[in-house]
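Visitor: Sharing a structure with you now.
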Amino acid sequence: MLSMEQLSQMLQRHLGLTNNANELQYSSKSKWIIMESPLGGRGLFATEDISSGEVLFVDHPLVYGPRSGTIIQRGCTVCNILNTNNLFKCYKCSLLLCSESCQNNSVHYNDCRVISGWHNKVPIEEVDDELLSRALTAIRALILNEDQKQFMTSLQAHVLPQHGTEIKDLQQYFEIPTEDEQFMILASCVLDANAFQIATSYERKEMGKRGLYPVSSLMNHHCVPNTRYNYNSDLQMIVKAVKPIRAGSEIFTCYTGLLWGTPARRIHLYKTKHFFCKCERCADPTERGTLLAALKCFSSECPGSLLPIEPLKSSSTWRCLECGLRVPCDNICTLQSALGSLMGSLDFGNVEELENFFLTRVTKYIPKTNQIVVDLQCRLIWKLGEVNGLSWHELSESRLALKEKLCRGTLRTTAALGAGDAHLRGLLLYHLHAALAERARRSPDLYEELKSEIESTIDQAYNILQGDISAPPDLELRRRYLGPGCDKSQEERFFILDKKKNFVTCTQ
């Protein structure tokens, strides 16, 4: 195990690899320091008072590549574009590529050099390209220098039978040196414990990626984190405070769904990170009054909600807040399983089906505060106004009103949690702005009434999402024309919303 000083020096060298003069580097003036965490192990702590929205650090990946799920999307292993008709296998290593340009790219040169250096047991064209994609991030770890490999070995690893299986499966196709195989298995275990899912472009259809970000990997988990992060086009991770952080406080991120209820979050963390969270939110049965885990009381005459009496115990009895009815954990688990099956039967790509289920069925079984209802709210928010057949100009008045209502309700939930300027809040503000702007476009007489909120919502959304590779493509344009400080007339401001071609005209 590396000492704190050795780890700090290693991170300094890591951040010094870039020539980007704007990147924040580890120094005596860094806003963070590595210390022992009360949660166990190491953590990052603030060296000074940090304001909401302030950048704590900019990290870049030690190694990155396709995500390693059992079902992987097929795409180019260099540019990550999905399911293009131009995909072909490299004749030397069998990795998928989409063009001669990608085949000649330095990324592929390094990948190919490693894989083609192994003796193959079968003709190269018979090698499973999906298996190679799942293993590719760990394969790329072999290219790291000794300093970088030492850092990787110092991180927590999930050494369990289910981790690293993709590396062991490669043995059916290649004769891999024992040293290479052992390091790739270790790298796979480290990645499973520490890698971050990298956001993809809002418009490009790309394979899901993950990356190991050395500084970020030292942030511990909290169910209401005090930071958010986004990625730029260079795959740099920019970590910012979502609320004020006092000097000496630990810097947290969130490893799970912010809007999930406590039982779902804790089970997910146990399955993926192998620990049960015991933070303040997890210990509060009501989750700061949001009731995200609540179920309807089993008494047909009671309008109350059931919540776990001891939320930090998976076997806790649940109790109704209204009538006090107690329900054993086994009964709760049966209901939750049934709800999961019901959700699994939905076609999430079908907006009409989602809308009908949300409006007429789901609240027969669970309270409006439950995470399933909130999840459906978010799915509808992301789709209404954004998909073919339901664009802004095609939305009915009732659907436009529904979108606005859902945005406001979900924003109230994030505020109640104390999530600050989380990434999710930025997206919700953007969609609320878009709904309000569409109302004003349709009814110009409403503009003066809505103007202040139209401007403030896009301004706040921009401050949270700017520079994010996954941000809506018209974010900056909307802020320029519909945000505060624009000196154009009402007609000119709303010109960008009239037709899609105007978006193109305004961005040229």
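Visitor: In this structure, is LEU384 more than 21 Å from SER305 (Cβ to Cβ), in contact with a helix residue (DSSP H, G or I) (Cβ under 6 Å, 6 or more places away or on another chain) and among the aliphatic types (A, V, I, L, M)?
Guide: Criteria met by LEU384.
Visitor: So, one more: Inspect all residues belonging to the range 386-400 and state whether any of them is at positive phi and either modelled with pLDDT under 95 or surrounded by fewer than 19 Cβ atoms within 10 Å (Cβ to Cβ) (or both). Reasoning before the result, please.
Guide: First, pick out the residues of the range 386-400 that are at positive phi: 389.
Now narrow it down to the ones that are either modelled with pLDDT under 95 or surrounded by fewer than 19 Cβ atoms within 10 Å (Cβ to Cβ) (or both): 389.
The answer is yes; a qualifying residue exists.
Visitor: Within the range 403-410, is even one residue touching a Gly at 6+ places or on another chain (Cβ under 8 Å), part of a helix (DSSP H, G or I), without any contact (Cβ under 8 Å) to a residue 60 or more places away in the chain and not assigned by TED's automatic domain parsing to the domain that holds ARG228?
Guide: yes
Visitor: Somewhere in the range 244-266, is a residue at pLDDT 95 or above, more than 28 Å from ILE464 (Cα to Cα) and surrounded by 13 or more Cβ atoms within 10 Å (Cβ to Cβ)?
Guide: Checked against the condition, which is being at pLDDT 95 or above, more than 28 Å from ILE464 (Cα to Cα) and surrounded by 13 or more Cβ atoms within 10 Å (Cβ to Cβ), the range 244-266 yields at least one hit.
Visitor: Given the criterion part of a loop (DSSP other than H, G, I, E, B), crowded, with 18+ Cβ neighbours inside 10 Å and over 21 Å from the mean Cα position of the chain (by Cα), identify the matching residue among ILE366, ILE332.
Guide: After applying the criteria, what remains is ILE366.
Visitor: Filter the range 341-363 down to the residues that are part of a loop (DSSP other than H, G, I, E, B) and either aliphatic (A, V, I, L, M) or in the same structural domain as ALA293 (by TED's automatic domain parsing) (or both) and list them by number.
Guide: At the first step, the residues of the range 341-363 found to be part of a loop (DSSP other than H, G, I, E, B) are 345-350, 361.
Matches in the range 341-363: LEU346 only.
Visitor: Of the residues that sit in the range 385-399 and are in a helix (DSSP H, G or I) and within 16 Å of PHE358 (Cβ to Cβ), which one is farthest from the chain's Cα centre (by Cα)?
Guide: Out of the qualifying residues, it is SER398.
Visitor: Does CYS297 satisfy being in contact (Cβ under 8 Å) with a residue 12 or more places away in the chain, hydrophobic (A, V, I, L, M, F, W, C), surrounded by 15 or more Cβ atoms within 10 Å (Cβ to Cβ) and over 27 Å from ALA422 (Cβ atoms)? I'd like the intermediate steps shown before the answer.
Guide: Values: in contact (Cβ under 8 Å) with a residue 12 or more places away in the chain: yes; hydrophobic (A, V, I, L, M, F, W, C): yes; surrounded by 15 or more Cβ atoms within 10 Å (Cβ to Cβ): yes; over 27 Å from ALA422 (Cβ atoms): yes.
Yes; evaluated as a whole, the condition is true for this residue.
Visitor: If you check TYR430, TYR447, TYR462, which single one turns out to be more than 20 Å from the chain's Cα centre (by Cα) and aromatic (Phe, Trp, Tyr)? Give the derivation first.
Guide: Working: TYR430 fails: more than 20 Å from the chain's Cα centre (by Cα); TYR462 fails: more than 20 Å from the chain's Cα centre (by Cα).
Exactly one residue qualifies, and that residue is TYR447.
Visitor: Separate question: Can you tell me which residue in the range 129-156 is surrounded by the fewest Cβ atoms within 10 Å (Cβ to Cβ), limited to those that are touching a helix residue (DSSP H, G or I) at 6+ places or on another chain (Cβ under 8 Å) and not in a helix (DSSP H, G or I)?
Guide: ILE143
Visitor: Can I ask one more? What is the residue count in the range 43-60 for residues that are buried (at least 19 other Cβ atoms within 10 Å of the Cβ) and charged (D, E, K, R)?
Guide: 1
Visitor: Can you run down the residue pairs with Cβ atoms below 7 Å, 6 or more apart or on separate chains, where the first is in the range 106-122 and under 13 Å from PRO177 (Cβ atoms) and modelled with pLDDT under 95 and the partner is surrounded by 17 or more Cβ atoms within 10 Å (Cβ to Cβ) and of a type outside the set (Lys, Arg)?
Guide: HIS119/PHE174
Visitor: If you don't mind, there's one more thing I want to ask. Looking at the range 404-439, which of the residues that are surrounded by fewer than 22 Cβ atoms within 10 Å (Cβ to Cβ) and charged (D, E, K, R) is nearest to THR262 (Cα to Cα)?
Guide: Step by step, filter the range 404-439, then rank; the result is ARG412.
The values are calculated or read from the model by the stated rules, or taken from the named source; none is laboratory data. It should be emphasised that the depicted structure is a prediction, and the values quoted were computed from it without experimental measurement. Cβ sites come from the backbone with ideal geometry, for glycine too, and all protein chains shown count toward neighbours.
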